[in-house]
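Each remark here refers to the structure printed beneath this line.
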Amino acid sequence: MTTVPLQYSDAPADPLHVAVIMDGNGRWAQARGLPRTAGHKAGAEAVRRTVKAAASLGVPYLTLFGFSSENWKRPQGEVGDLMGLLRLYLRKEVGDLDREGVRLRIIGDRTRFDEDIQRLIDDAEGRTSGNTRLNLTIALSYGGRQEILNAARSLAEQVRLGGIDPDDIDEARFQDSLYTAGLPDPDLLIRTSGEQRVSNFLLWQVAYAEFVFTDVLWPDFGHQQLAEALDDFRGRERRFGGSAGA
Ligand code: IPE
Ligand code: IPE
Ligand code: MG
């Protein structure tokens, strides 16, 4: 069982794990009279910039929400364009990520992707698995409720097979059954584009995350915006249910 030390302190330490709901690609494109795809393309550039920024700002874990379980309901053309961009990203970026010491993980229901994409994901994860400078996780075809259901199902199956007793299911074991097994919980959750909701992202893991909402649209996000969110985080007082100053 993998146990990751979590930072339980109310000191405004730098976040170990930053998670981002990358929202606003469509509105960015619309404001320029461009098709939504242009927004998604610009969004992919913002991913590139933000990964570099996280590495240079010393953030060890970065998790990006790229495509939700619910996003499959979007028009076929948009989903197709997003899959095309994903293919391109996996083909073209992995070499750079590897050179920069980035370990890439993909979380979500990958069985819904075309087989060639599933292979690209496996290759990218395998190729970067030894890297330690930045742990980059991209949530694709991901839903927090689906993740929790999967975990419950797999634990129930282990009970049925007699491997474990229901009383053995504690927080640590549950956490190890999630897609994010081995990753610390996010300390900071950023959402761009002015929306202030969690949209089925990391429901279990954000229990004590600090939230930062910014009006910046995702394609305009980069080093400066990440640095500002980190500053905001440093000014927060974290309590984890304890009392102030305790
Ligand atoms: C975020 O941008 C990217 C995905 C969810 C795939 P949106 O496509 O949601 O952009 P808006 O919210 O319509 O502006
Ligand atoms: C959340 O954005 C999913 C991602 C950023 C990948 P959405 O644009 O899909 O969320 P809603 O529909 O505004 O809640
Ligand atoms: Mg959106």
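Every residue, every condition in (1) among the small types (Gly, Ala, Ser); (2) touching a residue at least 60 places away in the same chain (Cβ under 8 Å); (3) more than 25 Å from residue 118 (Cα to Cα), yes or no:
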{"site": "26", "(1), (2), (3)": "yes, no, yes"}
{"site": "35", "(1), (2), (3)": "no, no, yes"}
{"site": "48", "(1), (2), (3)": "no, no, no"}
{"site": "70", "(1), (2), (3)": "no, yes, no"}
{"site": "74", "(1), (2), (3)": "no, no, no"}
{"site": "78", "(1), (2), (3)": "no, no, no"}
{"site": "96", "(1), (2), (3)": "no, no, no"}
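Looking only at region 1-48, filter to residues that are modelled with pLDDT of 95 or more and away from ligand 1 (no atom under 16 Å from the Cβ); which one of those is surrounded by the fewest Cβ atoms within 10 Å (Cβ to Cβ)? Here the answer is 16.
Can you find even one residue in region 71-78 that is open to solvent by 20 Å² or more (accessible area, probe 1.4 Å) and more than 16 Å from ligand 3 (Cβ to nearest atom)? Checked region 71-78: at least one residue is open to solvent by 20 Å² or more (accessible area, probe 1.4 Å) and more than 16 Å from ligand 3 (Cβ to nearest atom).
Hey, among the residues in region 174-223 that are small (Gly, Ala, Ser) and more than 11 Å from ligand 2 (Cβ to nearest atom), which one's nearest to residue 54 (Cα to Cα)? Filtering first and then ranking leaves 222. Residues that are polar (S, T, N, Q) and in a loop (DSSP other than H, G, I, E, B) within region 219-246 comprise just one, 243. Taken residue by residue, region 209-218 has at least one member that is touching a Gly at 6+ places or on another chain (Cβ under 6 Å), touching a residue at least 12 places away in the same chain (Cβ under 8 Å) and part of a helix (DSSP H, G or I). The residue of region 49-67 that is farthest from ligand 1 (Cβ to nearest atom), among those that are among the small types (Gly, Ala, Ser), open to solvent by 10 Å² or more (accessible area, probe 1.4 Å) and within 19 Å of residue 106 (Cα to Cα), is 55.
The values are calculated or read from the model by the stated rules, or taken from the named source; none is laboratory data. On a predicted model such as this, the values are computed, not experimentally measured, just so you know. All Cβ positions, glycine included, derive from the backbone under ideal geometry; neighbour counts span all protein chains shown. In case anyone asks, the SASA skips ligands and DNA or RNA and just uses the protein heavy atoms, side chains included. Shrake-Rupley method; radii C 1.70, N 1.55, O 1.52, S 1.80 Å.
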